[in-house]
Each structure stands twice: as structure tokens, then as C-alpha cells.
Amino acid sequence: APSSARLWLELSVAQHHDAVSGTARQHVTNDYQQRLSEGMAECDALVSRALDAAAARGARARATSARRARGEELSWAPCALNESRCERTFEMANESRVVRVAAYNPLAQPSGEEQLVRIPVPAGSAVSATAAGGASLDVQLVRAEEEAGSNADIALVRVRAVPALGASWFDLSIRPPARSSPGGTKSPDGTNAARTPSGGGGDAHARGAYTRARAR
Amino acid sequence: RRLARAGEAHLTLGAFEPGGLALALKRGADGRVRTARLRAPAAHASGRPLEANLDMFIALYRSHTGDTRASCGDDERCRPGQASGAYIFRPNCTEGAAAPCAPERVGAGATGGGARLVRLTRGALCHEAKLSYAPWANVTLSVCARESALRVAWAVGPIPIDDGEGKEVVVRYETDLRSGGTFATDSNGRDMVARVRDARPTWRLNVTDPVSGNYYPVTALLTLADQPSGGVGATAGGGVGADALGGGRQLSVHVDRAQGGSSLADGTVELMVHRRLLHDDNRGVAEPLNETLCGCATCGCAGLRVSGVHWVQLGEADGARAMRDARALMQRELFPLELRFGRPRRAGAGAGAGPSDEAADADTGA
């Protein structure tokens, strides 16, 4: 089963004073980063199982986790906000789809009445969000950094308070860019969907928005 | 863009609610934009308006390559072979200049240092302005409703080195706070340690490195405060007590990772965000700090591009209260909500990963 042991090991290796201060030779720094990345990937699997357990509870949770532990794709995956990239919100890019988002509060106090989170979505999408129970959450779209070479917008979502060391869920509804519909804050069917004026339509994947060379 | 095209001299971001956080930008005759004034949210200022002039820009230091003079004579700043490198920050001060060691504003050229307004976005939650100082040096400023701090998303790199000079890039915040040569940096996020420019608490400093000698590690935040008499306000014990903070305004600049930082002039804060150097500093690593996208300095690929976020918060410098607001911001930004995403399902299809709506309603705790 996935565990955090690997990340503990890699973080211990990276306690070297040149690792902590970034003064190692380039190839050594590359090695530190690869080890940390592999340790974090294993932790992503652990977090995914924990969220499965929290979401499903009881027997169903154990069955779900056991089935998923056998190498199936993670049920809960992270995003790379610093690269304006998020596999899960970019999948099914040509269809209207819903992505359930888990928000975990790592602090020992409730997360205050509201907090803004930033989520990459395909440029030009129409996005709305509903909290568990159906209440609509405020959403606004802003452009991502063009220099990052991504074809994304960033959805700002105001998330309700999350309990201390607790998780809450909300659904993100994403509709692909309409071919001709003008920009504006109301989508053609009047739902409270935020959409950026720029009509960057088409399938972000098809244009190879996410080519990432794996350097060994 | 509508406002930019309209040629307005002043643009305001924020002010969603009366007395809310707001940032004024001003446009020069050349159309280039600079930040001008920051207003604290009323909640941080017991109701009275609390404002500060704020000129935020990107600047760079040119890296020293090590003195090559045959002998240094009695020049204490001369160090043959000591270049700026991975271990050593040694900026190249231009002798004879009015401010020999001041950093150069990126994109200043003939225009006086403003930035090109690339994009202005106004929405129900946030107002954003993207400023470009150079193709490799951009900042996106965000002022959001019910937030207490200005968000400064900076993106720097690849740093140009075709002129054969290494460069070290800072984001600099110049304000009208009368900080009297004092500032404070966090001790790994716990207490704040008082710093006094060009001085050490336990010996009389002979200032040979006016810039790097005043740099300190910033792992969470750096604060400045109005000093009552504009003089040295730090308490003898090195801690920054409420009285030392002067009862005026406190500015805190928060980082999302450890960075070198300082206050090299009253009211200013600078934080180093990226470096690209061409010489080894003879301290053992035996290679210049020249990171590239493909992780190899000699393979001819582009220099590394780095991006991150600072948060700038203004409040009353009344000791405990000011630090409570700064600490709350520090926690929210260093331990944000962790997001994880389930697999997408077609709109209208049944519930996917995660709790059914009923379960999610009942209990959001874990």
C-alpha cells in the first residue's frame, strides 16, 4: 500500500546543507529534485486513499481503497497550479463535465469563513461551482500566465469554511468554449457561469498544450 | 483594457467594500504604469483610513566577477577572485555613481521605470493587473474582495546573459514608512528578529558590503514599521516589542518560499527572487549558479523561469495586534487548502468519486 516512507527518506537525504540552501552542483540538485518528486508521487496515492476513506466511510471505503490500491489510477489527483496545468479539469475537454474537488484544511483551526482557491481550466471554458448540498459558489475566471506556455485560464472559487484538519467537497462544472457565443459573465443559457471574453476554443490537448519532456 | 485605453491617469484595484483593501496605480505620460498607493482594509486599522505610498518594481544587481587588480592596497572592499556565486552574493557597485550599490530598475531605460500594462481584469471576486517590466520580468497584482493582503504573483526568467554579465533579480517595495533603519525578519516562522541596517547587535560593524551585509534569510515574512522618532526602534534584546513598532503603520511582506531579503533604505523592502551567474565563487561548488530548463548549463537550452507569490499587508503597528493579522495571513498562505480532483464525469451523469450529495451534506469533517 502507498505510504509516506519514501518521502521521509528523500527529505532526510535532502537535509544536506547544500540541498537545503540550493548550493549543490547542478546534477546533484537534479537528483535531489527527482527523489523528492518520486516521494511526493507516492504521497499523492496515500492522500487519495485517505480521501476515499473519508468520502465513502465504512466497508465501502475499504473495498474502494483495496480495489484502487492495485495500481488503478488515483481517484483523487493533484493539480500543478505553478504550471497552470491540471489533468483532471482538462480531460474530456470537448464535453460539458463535472469534476468533484476535495479541499483539505491542514491547519488545526477552521479555515475562516471563506477562502479563494485557484484552479487551472481550459482557456475560454464556462465554469460554475456548487458546494455539497447544491449551494452555488462564487467563481471568476482570470487569464493564466502566458509565459508558462499554457493555454489555460484560472478559475477563482470562493470556498466555504473547511473544518480543522478536515475536508469538504464541491463540484466544478466546466463547459467547453462555445464556438461563437460572445464573452460576458452570463452563459447563453443564463446560468451563473463565468467565462473569459477570449474565445480560445478547441481541445487544449489536441494543440499539445501539455508536452512535458521527461528528463532522466 | 477599456480603462487603459481611456487614458485615465489613475486606476484603482479593489475597494470592493467601503474602506476595503485597495491599490491605486498611476500612468505616466508614456503610458507606463506604476503602483502608487496601498490602502489597508478598515478592519486592520480600527476603522481609521490607513494608507501608504507604494512603488513596487523589479530590479537587478549585476554580479561581481572578483577583483583582478594586482594588489588591493588598503581598499577593504577588494577581494581578488571573489565572484558572486552559489554561496556568495556580491553585487557589483558602480563606483562614483550617486547610489553606487542601488539596484537597476528592469525596463527603466528612457521611460523612468514604469511597466507596460498588459491586462486589466475586473470581476466580482478579484481585480487583477498584469504589468510587464521586460519580456522576462512580469508581475500580476491581485486585490480580492474580503482579503486583507495584496497578492503579487511574480514571474522572472530566463534572465538574459548575452551581455556576459550575471544578474541577481529582486522585487522591491518602496513606501513612505519612516522605519528609521530598522526592520524585522522571521525566525523560521516563529518569532520576529529585529534588524538594524549597517549594524550588528553585538559588535561595531565595519561596513564593507553595504548591500549583501544587510541581507537576511526570510522564510515567512519581513516587516517594517513607522518608528516614533524615526530613530532606531528595536529593543536592546533584539526582539521587536510593541513600543518599538511605533504605534504607526506596519507593512509585512510575506514569501511563499525562503528568500534573501533586506531593507536597504527607510520604507523599502526587497526580496531576491532569482539569480543567474557566470562565475564560480571559489567556495567549493566549482561551477557557476546557472540553472537552465533542461538542467544542464552547457547544453544551450534556455535559462530557468521561476514564478512565485508575495503578499503585502498594511496594518497598525501596535505590536500584538499587527502580528496577529500577519501570522493569520502567514498560516493561510503557507498552509493553504490542499485540493485534490476526482475524475471528470459527463454533466448530468451519476456521482463519481467522493461522497454522494447526501453524505457530503451530512458531515464535512474527516
**Request:** Search segment A:122-136 for residues being hydrophobic (A, V, I, L, M, F, W, C) and modelled with pLDDT of 95 or more, and hand back the single one that is nearest to A:Asp52 (Cα to Cα).
**Result:** A:Ala129
**Complete:** B:Gly166 vs (1) at pLDDT 95 or above; (2) out of contact with any strand residue (DSSP E or B) (no Cβ under 7 Å at 6 or more places or on another chain): all pass except (2)
**Message:** Filter segment B:307-366 down to the residues that are over 22 Å from the mean Cα position of the chain (by Cα), farther than 24 Å from A:Arg160 by Cβ and at pLDDT 90 or above and list them by number.
**Reply:** B:Arg346
**Request:** Please work out if B:Arg276 is surrounded by fewer than 18 Cβ atoms within 10 Å (Cβ to Cβ), among the basic types (Lys, Arg) and at pLDDT 90 or above.
**Result:** no
**Request:** Pull up segment A:115-125, narrow it to residues that are more than 10 Å from chain B (Cβ to nearest Cβ) and of a type in the set (A, V, I, L, M), then point me to the one that is farthest from the chain's Cα centre (by Cα).
**Result:** A:Ala123
**Message:** Restricting to segment A:56-74, count the residues that are under 21 Å from the mean Cα position of the chain (by Cα), within 8 Å of another protein chain (Cβ to nearest Cβ) and either part of a loop (DSSP other than H, G, I, E, B) or modelled with pLDDT of 75 or more (or both).
**Reply:** 1
**Item:** Residue in segment B:134-153 that is more than 24 Å from A:Arg143 (Cβ to Cβ) and out of contact with any helix residue (DSSP H, G or I) (no Cβ under 7 Å at 6 or more places or on another chain) present
**Value:** no
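Listed here are the residues, each with its yes/no results for (1) within 18 Å of the chain's Cα centre (by Cα); (2) within 15 Å of B:Glu270 (Cβ to Cβ); (3) surrounded by fewer than 18 Cβ atoms within 10 Å (Cβ to Cβ).
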| residue | (1), (2), (3) |
| --- | --- |
| B:Pro103 | yes, yes, no |
| B:Gly107 | yes, no, no |
| B:Val118 | no, no, yes |
| B:Glu128 | yes, no, no |
| B:Tyr133 | yes, yes, no |
| B:Lys167 | yes, yes, no |
| B:Arg172 | yes, yes, no |
| B:Phe183 | yes, yes, no |
| B:Asp186 | yes, no, no |
**Request:** Note down all Cβ pairs under 8 Å where the first residue falls in segment A:87-100 and is at the interface with another protein chain (Cβ under 7 Å from one of its Cβ atoms) and without any contact (Cβ under 8 Å) to a residue 60 or more places away in the chain, the second is outside any strand (DSSP E or B) and not hydrophobic (A, V, I, L, M, F, W, C), and they're at least six residues apart or on different chains.
**Result:** A:Arg88/B:Gly342; A:Arg88/B:Arg343; A:Arg88/B:Pro344; A:Glu91/B:Arg343; A:Glu91/B:Pro344; A:Met92/B:Pro344
**Fill in**
Checking A:Ser84, A:Ser96 in turn, the sole residue that is touching a Ser or Thr at 6+ places or on another chain (Cβ under 8 Å) and more than 23 Å from B:Arg332 (Cα to Cα) turns out to be A:Ser96
**Fill in**
Residue hits (segment B:301-339; part of a loop (DSSP other than H, G, I, E, B) and among the charged types (D, E, K, R)) are B:Arg305, B:Asp318
**Asked** Any chance segment B:282-297 includes a residue that's under 21 Å from A:Asp31 (Cα atoms), within 18 Å of the chain's Cα centre (by Cα) and not in a loop (DSSP other than H, G, I, E, B)?
**Response** no
**Asked** Any idea how many residues of segment B:278-317 are touching a Ser or Thr at 6+ places or on another chain (Cβ under 7 Å) and closer than 29 Å to A:Ala144 by Cα?
**Response** 5
**Item:** Residue in segment B:90-105 that is at pLDDT 90 or above, in contact with a helix residue (DSSP H, G or I) (Cβ under 9 Å, 6 or more places away or on another chain) and within 22 Å of B:Arg275 (Cα to Cα) present
**Value:** yes
**Message:** Suppose we filter segment B:279-288 for residues that are among the aliphatic types (A, V, I, L, M) and surrounded by 18 or more Cβ atoms within 10 Å (Cβ to Cβ); how many remain?
**Reply:** 1
**Message:** Can you say whether A:Gly112 is more than 17 Å from the chain's Cα centre (by Cα), more than 8 Å from chain B (Cβ to nearest Cβ) and modelled with pLDDT under 95, as far as the supplied structure shows?
**Reply:** no
**Prompt:** Here are some residues: B:Leu221, B:Leu264. Which one is modelled with pLDDT of 95 or more and closer than 22 Å to B:Phe335 by Cα?
**Reply:** B:Leu221
**Complete:** Within segment A:134-175, residues within 9 Å of chain B (Cβ to nearest Cβ), closer than 30 Å to B:Ser132 by Cα and of a type outside the set (Asp, Glu) come out as A:Val139, A:Gln140, A:Leu141, A:Val142, A:Arg143, A:Ala148, A:Leu156, A:Val157, A:Arg158
**Candidates B:Arg151, B:Arg146 - the one that is within 11 Å of chain A (Cβ to nearest Cβ), under 13 Å from the mean Cα position of the chain (by Cα) and surrounded by fewer than 23 Cβ atoms within 10 Å (Cβ to Cβ)** = B:Arg151
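The values are calculated or read from the model by the stated rules, or taken from the named source; none is laboratory data. This is a predicted model, so every value here is computed, not measured. Ideal geometry is used to build each Cβ from the backbone, glycine not excepted, and the neighbour counts take in all protein chains shown.
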